[in-house]
Amino acid sequence: MNANRFDLGGGEPIITLRGIAKSYWREALEIPVLQGIDLEIPIGSYVALMGPSGSGKTTLLNLVAGIDRPTGGTLEVCGHELNDLDDDELAAWRNAHVGFIFQNYNLVPVLTAFENVELPLLLTSLGRRARRERVAEALALVNLTDKQWNYPRQLSGGQEQRVAIARAIVTDPDILVADEPTGALDAKNAEEVLGLMGRLNADMGKTIVMVTHDPKAAHHARHQIHLEKGVLDRAVEVNR
Amino acid sequence: MRWLALIWKSLLRSRRRTLLIVGSLVLSVFTVAVLQSLLTTLDSITSNPNSGNRLAVRHKSGITQMLPRSYETFLRQQPEVETVCSLQWFGGYYQDPRNFFANFASDETTIFQTFREEFGLANLTEAQVKEYLRDGAGCIVGESLALKNGWKVGDVVPLTGTIFPINPRLTIRLIFKSSRPSDENVLHFHYKVLEEGVPRMKGLTGAFWVRVHRPEDIPRLIERVDRHFANSAYETLTETESAFNLAFVKMLGNISAIIQGITIAVVLAILIVTANTMGTAIRERGAEIAVFRAMGFSASRVLSLLLAEGVLLVGLGAALGLLLAQAAAGGVRSAMGAVMPFFADFEITSATALLCLAGALAVGLLSTFIPAYAATRRPITEGLRSVG
């Protein structure tokens, strides 16, 4: 086994990274962020990417989510070789396969909770009634049916993040990517959000890749992958 | 939620900003629409489709100088001429000096034939015309003017002269309807009322209006008439009716250039203001745009949404500006139409409205496209970093 390849419990991989490298350029200066990443993440995994600032964990998450492109290597996610997709195809792929959960929730302030959750469905072929049903299901899942007509400013941080989770799952994606999902929450709300993510993984089989600094948050994952200076350092199975 | 609802709600993100930019658009479109309509109205004075076969013969020294009415004999003898009508601006008012309208002493025997389109001669009966010809103290008025003053046939209209020292009491014998409202804000009475009331006007007239058989004969006729009366005591200046009217418009200076200059300045100003506003609004939404794209909205779809916002914003401002201009046009017609007859035609034409709408949409697209394009080409990861 390659030094950077880890066993995350077998099973069919939903994410396969081979020799992934990513560099940024500052004028003529190349700044490598990721180097030679080989990783397979099986379907239904719950992985926490950890590491110090600048280790490349968010960059790795962005590559997996298809919002950034590697400068080297190949990346296959949900059966698609992402390097082969043009920008529009990649956008459509994201809509179908990936749900995003951000640290700052990133809800649209002028839309209600219901409308925020409905947003990604506008890109699908679903009719109005089907969309409403899907949104209602997603909001029920995050236990926010009674807040569906509230605007983000009328919700607490925890509620906003639950709306963001509803928005992430409303298209029934295969993968959820979360970048510091509890970074802006207090302990109680963080625990609630992490519990919800755990249920999405355990009950609905969603593959979750989460970037976090927080060991408590990482403890909710089934595997922790540590990065150090742009390379995979170690993988740890979480014992609960 | 539908796309339009999404666009509309995005527009209301900053209500104050939206209100201010719509307000500035309303004022700009209002200004441009009114100015362009003024230009159209002034143009219509010189491009009256009925004036193509008419000439004005006046004193070479100016319109305040008189010509002998005997010149009419020579004019009538010209083979190109169909009719000749003596016409003198009377400049009287009805009851109140502010109640001013165009009124003329005119040759009753030829006025209808010379201005047959303006009087809607085809719709007048012979009896109506004869009634006017029969009564030397009779007058004819346009329908708009009659309606404005509540006049009907048989009413007596006392006019107070301002140029000439007479106050004729005229009986309305005919009310005519014309195709252009401006042609209806006029009163004509028998020329002899002026000649008999003002001895110094005996045998004199301000101008002859000459109707020719064929417009192509006009240049030759102009040259011949002016040559014939050259070096006489009363030299003439003969010109087409359009040229004659244009002389009045020119008294206002190069108003066309002024109006076009103001229009360009207004359009440029609003383009800069809108571009700045849209640029700021879009830059503030860098993170949101990145989230939209992360969720699967393609760059071109986000660009379309942003452009639609810009177009909706200016469209709204333009529509409100045009409504305001329409309302103002009604005010201009009623307030100034009687004083300056051509203002009775003042309106925001569909061509002007379309021009304003097209201009506003172009401003919306131009002002939104550059910041929107830049925002949608920005890497998603970079946009997401601008959060918080």
By residue number, the members of the stretch B:107-155 that are free of Cβ contacts under 8 Å to residues at least 60 places away in the same chain, open to solvent by 70 Å² or more (accessible area, probe 1.4 Å) and closer than 27 Å to B:ALA335 by Cα are B:LEU147, B:LYS152, B:VAL153
Filtering the stretch B:283-300 down to residues that are free of Cβ contacts under 8 Å to residues at least 12 places away in the same chain, over 22 Å from A:ILE175 (Cβ atoms) and either more than 7 Å from every other protein chain (Cβ to nearest Cβ) or among the hydrophobic types (A, V, I, L, M, F, W, C) (or both) yields B:GLU284
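Based on what the data block shows, is A:GLU133 assigned to a helix (DSSP H, G or I), more than 13 Å from chain B (Cβ to nearest Cβ) and either over 19 Å from A:ALA113 (Cα atoms) or small (Gly, Ala, Ser) (or both)?
Answer is no for this residue.
Residues being open to solvent by 20 Å² or more (accessible area, probe 1.4 Å) and either touching an Asp or Glu at 6+ places or on another chain (Cβ under 9 Å) or of a type in the set (Val, Ile, Thr) (or both): count how many of those fall in the stretch B:33-42.
Residues of the stretch B:33-42 open to solvent by 20 Å² or more (accessible area, probe 1.4 Å): B:34-36, B:38, B:40.
Adding the requirement that they be either touching an Asp or Glu at 6+ places or on another chain (Cβ under 9 Å) or of a type in the set (Val, Ile, Thr) (or both) leaves B:34, B:40.
Total satisfying the criteria: 2.
May I ask you to verify whether B:SER256 is touching a residue at least 60 places away in the same chain (Cβ under 8 Å), among the hydroxyl-bearing types (Ser, Thr, Tyr), within 14 Å of chain A (Cβ to nearest Cβ) and closer than 28 Å to B:GLY359 by Cα? Steps first, answer last, please.
Values: touching a residue at least 60 places away in the same chain (Cβ under 8 Å): yes; among the hydroxyl-bearing types (Ser, Thr, Tyr): yes; within 14 Å of chain A (Cβ to nearest Cβ): no; closer than 28 Å to B:GLY359 by Cα: yes.
Spelling it out, it is not the case that B:SER256 is touching a residue at least 60 places away in the same chain (Cβ under 8 Å), among the hydroxyl-bearing types (Ser, Thr, Tyr), within 14 Å of chain A (Cβ to nearest Cβ) and closer than 28 Å to B:GLY359 by Cα.
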Which residues, counting only those in the stretch A:28-53, are among the small types (Gly, Ala, Ser) and more than 14 Å from chain B (Cβ to nearest Cβ)?
-> A:ALA28, A:GLY36, A:GLY44, A:SER45, A:ALA48, A:GLY51
For the stretch A:179-197, how many residues meet the condition of being open to solvent by 40 Å² or more (accessible area, probe 1.4 Å), touching a Gly at 6+ places or on another chain (Cβ under 9 Å) and in a helix (DSSP H, G or I)?
-> 2
If B:GLU309 passes every condition in (1) within 14 Å of another protein chain (Cβ to nearest Cβ); (2) open to solvent by less than 60 Å² (accessible area, probe 1.4 Å); (3) at pLDDT below 90 but one, which one does it miss?
-> (3)
List the pairs whose first member sits in the stretch A:87-112 and is over 22 Å from A:THR59 (Cβ atoms) and more than 7 Å from every other protein chain (Cβ to nearest Cβ), whose second member is of a type in the set (Val, Ile, Thr) and open to solvent by less than 30 Å² (accessible area, probe 1.4 Å), and whose Cβ atoms are under 8 Å apart, counting only residues at least 6 apart or on separate chains?
-> A:ALA96/A:THR171; A:LEU107/A:VAL163
Only one of (1) open to solvent by 20 Å² or more (accessible area, probe 1.4 Å); (2) away from every other protein chain (no Cβ under 14 Å) does not apply to B:ARG15, and that is (2)
Among the residues of the stretch A:19-36, count how many are assigned to a strand (DSSP E or B) and either open to solvent by 30 Å² or more (accessible area, probe 1.4 Å) or without any contact (Cβ under 8 Å) to a residue 24 or more places away in the chain (or both).
-> 10
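Do you know which residues across the stretch B:352-363 are out of contact with any Ser or Thr (no Cβ under 7 Å at 6 or more places or on another chain) and in contact (Cβ under 8 Å) with a residue 24 or more places away in the chain? Explain how you work it out, then say what you get.
Applying the first criterion (out of contact with any Ser or Thr (no Cβ under 7 Å at 6 or more places or on another chain)) to the stretch B:352-363 yields B:353-362.
Scanning the stretch B:352-363 gives B:ALA353, B:LEU355, B:CYS356, B:LEU357, B:GLY359, B:ALA360, B:LEU361.
If you take the residues of the stretch A:147-174 that are hydrophobic (A, V, I, L, M, F, W, C) and over 17 Å from the mean Cα position of the chain (by Cα), which of them is nearest to A:ALA187 (Cα to Cα)? Quick ask: steps written out before the conclusion?
We begin by selecting, within the stretch A:147-174, every residue hydrophobic (A, V, I, L, M, F, W, C); these are A:149, A:155, A:163-166, A:168-170.
So of that shortlist, the ones also over 17 Å from the mean Cα position of the chain (by Cα) come out as A:149, A:155.
Working: A:TRP149: 26, A:LEU155: 17 Å.
My answer is A:LEU155.
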Take the residues of the stretch B:264-291 that are more than 43 Å from the chain's Cα centre (by Cα) and farther than 12 Å from B:ALA372 by Cβ: which is surrounded by the fewest Cβ atoms within 10 Å (Cβ to Cβ)?
-> B:GLU284
Considering each of A:LEU176, A:LEU200 in turn, give the residue that is under 24 Å from A:ASP68 (Cα atoms) and not in a loop (DSSP other than H, G, I, E, B).
-> A:LEU176
Restricting the search to the stretch B:313-333, which residues are more than 14 Å from B:GLY23 (Cα to Cα) and open to solvent by 50 Å² or more (accessible area, probe 1.4 Å)?
-> B:GLN326, B:ALA327, B:ARG333
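One line per residue, one yes/no per condition, for (1) at pLDDT 95 or above; (2) among the acidic types (Asp, Glu); (3) within 22 Å of A:ILE175 (Cβ to Cβ):
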position	(1), (2), (3)
A:ASN106	no, no, yes
A:PRO109	no, no, no
A:ALA113	yes, no, no
A:ASN116	yes, no, yes
A:SER125	no, no, yes
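When only residues in the stretch B:189-206 that are outside any helix (DSSP H, G or I) and under 19 Å from B:ILE63 (Cβ atoms) count, which is nearest to the chain's Cα centre (by Cα)? Spell out how you get there, then give the answer.
Let us first name the residues in the stretch B:189-206 that are outside any helix (DSSP H, G or I), namely B:189-190, B:198, B:202-206.
From the residues that got through so far, the ones that are under 19 Å from B:ILE63 (Cβ atoms) too are B:198, B:203-206.
On the way: B:VAL198: 35, B:GLY203: 36, B:LEU204: 33, B:THR205: 29, B:GLY206: 26 Å.
So the residue we want is B:GLY206.
The values are calculated or read from the model by the stated rules, or taken from the named source; none is laboratory data. It should be emphasised that the depicted structure is a prediction, and the values quoted were computed from it without experimental measurement. Quick reminder, even Gly has a Cβ in these numbers, built from the backbone with ideal geometry, and neighbours come from all protein chains shown. Only protein heavy atoms, including side chains, enter the accessible area calculation; ligands, DNA and RNA are left aside. Shrake-Rupley method; radii C 1.70, N 1.55, O 1.52, S 1.80 Å.
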